Structures are given as C-alpha cells and as structure tokens.
1. Using per-residue counts of other Cβ atoms within 10 Å, averaged over each peptide, order 311-324, 246-259 from highest down.
2. Taking Cα pairs under 8 Å and at least six residues apart, what relative contact order does the range 77-367 come out at, in percent?
3. Among 190-200, 293-303, how do they line up from the highest to the lowest mean number of other beta-carbon atoms within 10 Å?
4. Binning every alpha carbon pair distance of the range 56-161 at 10 Å from zero, what are the percents per bin?
5. Quick one, what does Rg over Rh come out to for the range 224-316 if you take C-alpha atoms and the Kirkwood Rh?
6. On a full-extension model of 0.36 nm per residue, what is the gain between ASP83 and ARG115, subtracting their alpha-carbon distance, rounded to one decimal in nm?
7. Of the listed peptides 227-240, 210-223, what is their order by residue-averaged count of other C-beta atoms within 10 Å, with the highest listed first?
8. Can you compute the equivalent ellipsoid semi-axes for the range 77-367, i.e. the square root of 5 times each eigenvalue of the Cα gyration tensor, sorted largest first and rounded to whole Å?
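Coordinate-derived values only; no laboratory data. In this text, all values refer to a predicted model and were calculated from it rather than measured experimentally. Note that each Cβ is placed from the backbone with ideal geometry, even for glycine, and that neighbours are counted across all protein chains shown.
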Amino acid sequence: MTRNTLKPGKEMNSWRCYFSKLMRLSVRWVRLCPWQVRGRRPGPLRQLWSYGKVVFNSLYFNILTNWDTVLDSIFEPVYWLVDNLTRWFGVVFVCLVIALTTSVVLIVYLCVLPRIVRTYPAHWILWHLCYGHWNLVNIVFHYYKAITTSPGCPPQEKTDIPTVTICKKCIVPKPARTHHCSICNTCVLKMDHHCPWLNNCVGHFNHRYFFSFCLYMMMGCIYCSISAKDMFLEAYNAIESYYQTPPPQFTSEEKFFHKGLLYLWVLTSSVAVALGGLSLWHAVLITRGETSVERHINRKERKRLETIGQVFRNPYHHGGIKNWKILFGVEKKSQWITRVLLPSSHPPHGDGLTWDCPLRKQDTMDTI
Ligand SMILES: [Zn+2]
Ligand SMILES: [Zn+2]
C-alpha cells in the first residue's frame, strides 16, 4: 500500500499505517547500507560479521560437535606448527638422504672397490661389480620414483565412485581406504603414512616404490657392512694406533682411507638395522593386506567386535602371496624378474578408488 492509493476520508488503522511506514524505512535503510548494495559483493565488514556468525552458530548448531572436535580446535595451532615443521624438515631429510647415500657410494668407489679389485679373485670381483651396481641402480630408481610419484588423490568433482565418508578438511567424498594427510593437506588414496624421508605421502601409486626403496637400501647397507668389515677392522686398529708413541707414519691418503671406512661401516650398519626393522614391519602389513593407518583402525575394530562376540575379518586381505602380487603388480612368474628385481614404472593394480573385496565375494557365494 502506498500513500497515493489512500483515498481521502477513508479511515486507516493507526497500527497498519505505522507498520507500512516502518517497512518503507527499513527497506530504504537496508538499501543505503554500505554492505548491502544490490549487485555488488558484500563489504569486508559484512563478510567478517557473516563468518563470525557461522563460526559461532557452528559451535552449538552442529550435531556432530563433541569433545574430540573441541579438543581438535584447541590444539589446531599445535597441529599447524607440527605439520609445517614436518613439511619443511621433509626437504632437509630428502637432501640428507641424497648426501649420505652419495658419500657412501663415493667411499665405496674410492676405498672399497679398488681394494677388492687388487686382492680378490676374478669371479668375486665380477660378483661385487654386478651386485653392487644392480643394487645401486635399484636404490636410485625407487627413491626417485617414490619422491616424484603422487600417491593419488580422490576426484574433486562429483562422480559415481562408491564412497564411505566425507573428508571434514577437503569437503570431498572419500573412497574406501582413503585418508586425509594434514601435512600434504589433501586426501590420499590407500594412504599408508606420510614419510618425511621422501617428503611425500606413501599411498596407492607409490607404495611399491617406497617398499622397494626400503628393501634395496637395506640390502645395500648390509652389502656394504659385510664387504667392508675386514677393511673396517683394519682401519679401526690403525686409528687406534694414531695415539701411540711414537705414532705410526701414515700418509694423508691412508688416513682418509681409515676415516672413510669407519664412517662407511658405522653408517651402513646402523641404517641396515633401522631399515631392517622398518622393512620387516611393512612386510608384515603387506602380508596382512593392511596399511599403517588401517592397522590402527582394524585393531580398534577387532577389539570392539571381540567384546560383542564377533570376529573381525579384513575386507582387503586376499591371502599372503596374492597381497604381494597385488603390491608389486605381478601377474605372471616372469614379472617377478622384470617388475620386482629390475626397475619398472608399471602402474599398480587397480585405480585406488574401488577395491576388490574377497569377503564380499565369499558372502555372495555363501548366499547363492
Ligand atoms: Zn581430505
Ligand atoms: Zn602427506
């Protein structure tokens, strides 16, 4: 109702007139507001107000809010600091791996191999040259592939892929076996763990490269420790004799040889023990058809089901040997040589989005 439509002499209720005026004033005031100009983006003040209102409402409107969420919010700055430190230290760790590996290879070429060539029989020299170089090529290839291959992320756009939940951080549907990595700040397909030594997540597309690198690096360290054991003992005794009176006369070349061998043996034997434990642990997980993340989830689920008298069965466990074949992408016997013992860039089994579940097939067959 506008003022022009009112006929003179026609009585109007005073409250209706007052309401009409109030409405007109409100509309005019809203139109004049700097943050409510039609056709333009809301101003920063309005945006801040809206954001604050949403944040405040989310504290008690969200039915999913619980003490875990509150604690997560409180510790968010700590998580942020740890994630960023790990991300930056990842670069340092990768440089460290490259520097230490290069130094060990140089010492082998300068000190160990010349001694082997001088003193060993021909067949042993050949064996050392073949094995050493095969192992080195595999270490370099698998490390390079593990740090440069993306572990795989779920699609951002809408698809028909079956998903199990929504990621709270990325706000995208998560397929089975996908988990969020707070350091990479993305969801990762078949996430195993975030490896600072690779500065990359270990997931569906680089799991094989990671495991092969651990295995070949461990084998290389064991090879160096065993090959250089006698030379290390000799160098150690020589270093001990430095402090005798009168001190034995060693050339600077001999002193470099002694210290280089000491460094080589201590480093490779320590890494062999540490990587041996890590490789063994991952070998157990692969045999069970679990990732490191699933290990924790499955253990909790196993305990929960035990309390209600049920038995947990891992849906992704195909049997020990089949699990290894799936990891290495081996289908024929000859591929154990071409795809495992030799460097190979073949893609892994499956797309990392959908998974064959032997238990589901078994249940279907039981029902039939
Ligand atoms: Zn995510
Ligand atoms: Zn990551």
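1. The densest-packed peptide leads the list: 311-324, 246-259.
2. Taking the mean separation of contacting Cα pairs over the length of the range 77-367, I get 19 percent.
3. Ranking, from highest mean packing down: 190-200, 293-303.
4. All Cα pairs considered, the percentages come to 10, 21, 21, 18, 13, 10, 6, 2.
5. 1.42
6. 6.9 nm
7. 210-223, 227-240
8. Its equivalent ellipsoid spans semi-axes of 45, 22, 18 Å.
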